Amino acid sequence: MLILAGERRGVAAAEGWELKKTVVLVGMMGAGKTAVGKALAARLNVPFLDSDAAIETAANMTIAEIFERDGEAFFRDRETEVLDRLLETECGILSTGGGAFLAERNRRLVSSKGVSVWLNADLGLLWNRVKHKNTRPLLRTPNPKQTLSEIYHQRVPIYRLADLNVVARPEYSIETTAGHVLEALETRPDVLEKIR
């Protein structure tokens, strides 16, 4: 059921909730944006959106293939276009690629049309989650652990600009982390409102 919330469409979330703005999960690769986003969307009964998946569908190739063929700048332009489209057409939980929030134009888009939530995972947790995967184009270097550390230290000051900060810990399950995001969202009645 769609509910008009100002000029933006909100959605009646799980019974007792109304989601008024898209929740945009930001953070490093391996922070859990997709897994936590899916769990949160299921809990609220709203759509789950993934900007990287939408880019891959539109391009009919993987992110790694886009990086290799067209370069990062081309990819970042497509990423902004997809973010804008998803924020404009859907109200749900949106998982973004690790670099999406770095661009000021994307932060402005998110701020004007949604709310940003930083899944704040420490470097050790991130490395444990990504070290056995070869799907991360930025980590295809001679020393991927050092590369991850460099990326982490460059990006954290920008992730801190997110509207909400939720810590992801190794001992937390996906559901527990999703619960912490929900608690953070409850502090923002402009985003998520309890319907009495």
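The values are calculated or read from the model by the stated rules, or taken from the named source; none is laboratory data. The model shown is predicted, which means the values in this text are computed figures rather than measured ones. So basically every Cβ, Gly included, is an ideal-geometry build from the backbone, and we count neighbours across all protein chains shown.
List of remarks:
- Count - residues of region 54-75 that are within 17 Å of the chain's Cα centre (by Cα) and either at pLDDT below 90 or on the phi > 0 side of the Ramachandran plot (or both): 1
- Checking Thr187 against (1) under 12 Å from Val117 (Cβ atoms); (2) without any contact (Cβ under 8 Å) to a residue 40 or more places away in the chain; (3) outside any loop (DSSP other than H, G, I, E, B), the condition it does not meet: (3)
- Filter result (surrounded by fewer than 18 Cβ atoms within 10 Å (Cβ to Cβ) and part of a loop (DSSP other than H, G, I, E, B)) within region 92-117: Ala103
- First in region 45-62 and surrounded by fewer than 18 Cβ atoms within 10 Å (Cβ to Cβ) and among the β-branched types (Val, Ile, Thr), second anywhere and part of a helix (DSSP H, G or I) and at pLDDT 90 or above, Cβ under 9 Å, 6 or more apart: Thr62/Glu56
- Test: residue in region 130-150 that is under 11 Å from Gly27 (Cα atoms) and under 19 Å from the mean Cα position of the chain (by Cα): no
- Taking the criterion of being in contact with a helix residue (DSSP H, G or I) (Cβ under 8 Å, 6 or more places away or on another chain) and farther than 22 Å from Arg105 by Cβ, the residues of region 39-64 that qualify are Ala39, Leu40, Arg43, Leu44, Pro47, Phe48, Met61, Thr62, Ala64.
- For region 118-163, the candidate set comprises residues that are farther than 30 Å from Pro189 by Cβ and among the small types (Gly, Ala, Ser); within that set, the residue that is surrounded by the most Cβ atoms within 10 Å (Cβ to Cβ) is Ser149.
- Hits in region 27-39 - residues which are within 12 Å of the chain's Cα centre (by Cα) and among the hydrophobic types (A, V, I, L, M, F, W, C): Met28, Met29, Ala31, Ala35, Val36
- Checking each residue of region 171-190 against the condition of being of a type in the set (Val, Ile, Thr), crowded, with 17+ Cβ neighbours inside 10 Å and out of contact with any Phe, Trp or Tyr (no Cβ under 6 Å at 6 or more places or on another chain) gives at least one match.
- Qualifying residues in region 158-178 (those that are touching a Leu at 6+ places or on another chain (Cβ under 8 Å) and in a loop (DSSP other than H, G, I, E, B)) - the one nearest to Leu119 (Cα to Cα): Arg169
- Long-range neighbours under 8 Å by Cβ, at least six apart or interchain, first residue farther than 26 Å from Pro157 by Cβ within region 83-105, second in a helix (DSSP H, G or I): Arg85/Ala54; Glu88/Lys113; Gly92/Ala41
- Pairs meeting the criteria (first residue in region 113-124 and within 12 Å of His180 (Cα to Cα), second residue among the small types (Gly, Ala, Ser) and part of a strand (DSSP E or B), beta carbons under 7 Å, at least 6 apart or on different chains) are Leu119/Ala168; Asn120/Ala168.
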